[in-house]
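These notes are about the structure you will find just below.
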Amino acid sequence: MSEKTYVRQHWKASLNIFTLTILCILIFFLRSEIATTVRNLTHVHAWALILLIPLEAWNYDAQARLYRSLFGLVGNKLSYGIMYGVALELNFVNNIFPSGGISGISYFGMRMRSTDNKITGGKATVVQTMKLMLTFLSFELLLILGLLFMAVGGRVNDVTILVATSISTLLVIGTFAFMYILASTRRINATLAFASKMLNWLIHLVRPKRPETIRMDQVRRTVEELHSNYNLIKDNYRGLKKPFLFALITNITEVLAVYVIYIAFGHWVNIGAIILAYAVANFAGLVSVLPGGIGVYEALMTAVLAAAGIPASLSIPVVVMYRILNTIIQLPPGYYFYHRTLHNKGLEDVRA
């Protein structure tokens, strides 16, 4: 049996073993926090913790509707149930594989092509990109509201203003940079060519016999797809109202998920501080080398909350409990849908 045939026949088993190994590592790093969380559960208001379940269900409902509406703009009608499962799968992939969301984007392309053969890699990439852009833009509104809430509570200081304005600037620049690149085939081609050459160079360091893992002819085909599908959405910009609303709901429900943990501990803190801390922690999690941004996420979120006037002695157990309970609620169903897809959807048959 050739090496290529062996890999093709055993890749799913290997991927499942690798996934479970990463999940075990995640649990290992959080073992002390898990024990602390279990002990703290006897001292909190259980009714507030139960609110996490409908909030997370609502969050994935909004994500599923966001994806459906964006795919509808480029001519693909997908069922609500399929997209709800895909949203759970993506969360699982992004949390287990620490790649700043790149793993999720790659997986999303394969997943959607296996769902509908009319969905190309370029179309899936545009939809995922537009989803991120709308999520970033909608969070701008939450940041403004957060500063207003903190101002009313007398908690606005130089640090919070600096952090909020920095995040807002990055969000705006990043969003418009995406739009500027996607509006021109020349700019898309230049960006993808540069990224492909860099990735090929890095891969070549590890695999010298494969100097061009990412083929440039495939990149050029992707450029045309990206540009044409982006134009479909841009020409129907009025149709972005609903997707924007769904993106806003996903952000609101995530912030509320953190807030109900404070309520469970008996503290009604300023929600503006939570909005700001949530933004900082998630941005930092993008570059973390550990699954789920372990350590970086908790430390930065606690630090920002402390700067906003919420004592670390309260924030540390709250943030840890939020992370643990959120993981317990989201990852098992995410793994179920992910594992089912590997076996039922034939992702090994999908070609770039």
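The values are calculated or read from the model by the stated rules, or taken from the named source; none is laboratory data. Just so it is clear, the model here is predicted, and its values are computed rather than measured. For neighbour counting, all protein chains shown are included, and Cβ atoms are generated from backbone atoms with ideal geometry for every residue, glycine included. Quick note on the areas: whole protein, heavy atoms, side chains included, nothing else; ligands and nucleic acids left out. Shrake-Rupley method; radii C 1.70, N 1.55, O 1.52, S 1.80 Å.
Counting only helices (runs of 4 or more DSSP H) wholly contained in segment 1-74, the ones carrying 2 or more residues that are at pLDDT 80 or above and open to solvent by less than 70 Å² (accessible area, probe 1.4 Å) occupy 46-50, 52-73.
Looking only at segment 287-309, filter to residues that are open to solvent by 10 Å² or more (accessible area, probe 1.4 Å) and over 19 Å from Asn326 (Cβ atoms); which one of those is modelled with the lowest pLDDT? Once the filter is applied, the top-ranked residue is Val289. Every condition in (1) assigned to a helix (DSSP H, G or I); (2) modelled with pLDDT under 75; (3) farther than 19 Å from Ile105 by Cβ is met by Leu202 except one, and the failing one is (3). Comparison of Ala247, Ala273, Ala284, Ala257 shows that the only residue that is in contact with a Gly (Cβ under 9 Å, 6 or more places away or on another chain), crowded, with 20+ Cβ neighbours inside 10 Å and either modelled with pLDDT of 75 or more or among the hydrophobic types (A, V, I, L, M, F, W, C) (or both) is Ala273.
Residues of segment 112-139 that are over 16 Å from Pro243 (Cα atoms) and at pLDDT 85 or above: Met112 alone.
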